[in-house]
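Below is one structure, written out as structure tokens, with a few remarks after it.
Rule-based calculations on the coordinates, nothing more; no lab input. All values reported here derive from a predicted model rather than from experimental measurement. Cβ sites come from the backbone with ideal geometry, for glycine too, and all protein chains shown count toward neighbours.
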Amino acid sequence: MDERFKRLVDRLHPAFLNLRACPPFSSAKGLPKKGVYWFSKNGKALYVGRSDNIPRRYAEHRNLSSGGNKAAFAFILACKAAQCGKASYAKVGSRKALMENPEFRKAFDAAKNRIREMEFRAVAEDDPTCQALLEVYCAVALATPYNDFGNH
């Protein structure tokens, strides 16, 4: 294995353990700036993400004013609730079209309210490559049902 890559991989499990041991945050206060975060409900891991501005991402996922491009987890939950599959890049079924649909918008707003009730944990990680690897590692290790690393 490439030595540079191995050094990054060796950091993943300890960071994952730190994330799991972290008590949930009830506000953006005290959140690390850059790193990996996860949402859970009643101890069940649901979604892992990463950001170079975790306090802002935390707000974007939860704020009722956030749109479909900012509140990605809510968008995923709304797609499942509305049984519309994934957004497409065609005009029909696009994110924009779905967000203009009143029934989908209702499901999207309900999803953001659900997210506001979820536990939120985060761990610092400044290196962008390690951050990307850690997001995948945590999503796999936690078996999060709403992470999808498929290509568009």
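A few notes on this one:
- Dipole of the chain, positive direction: furthest Cα of 94, 145, 130, with charges on the beta-carbon: 94
- Dividing the convex hull volume of the alpha carbon atoms of the range 15-152 by its residue count gives 106 Å³ per residue.
- For the residue pairs 33/112; 33/96; 44/80; 70/106; 6/29; 29/80, alpha carbon separations beyond 24 Å are given by 33/96; 6/29; 29/80.
- Dividing the summed -39500 (n - 2.57) terms of all DSSP H runs of n ≥ 4 by the residue count of the chain sets its mean residue ellipticity at 222 nm at -15500 deg cm²/dmol.
- Counting only Cβ charges, +1 for Lys and Arg and -1 for Asp and Glu, the dipole size of the chain around its Cα centre is about 420 debye.
- The range 13-109: chymotrypsin sites (Phe, Trp or Tyr not before Pro) in DSSP loop, at most 13 other beta carbons within 10 Å: 89
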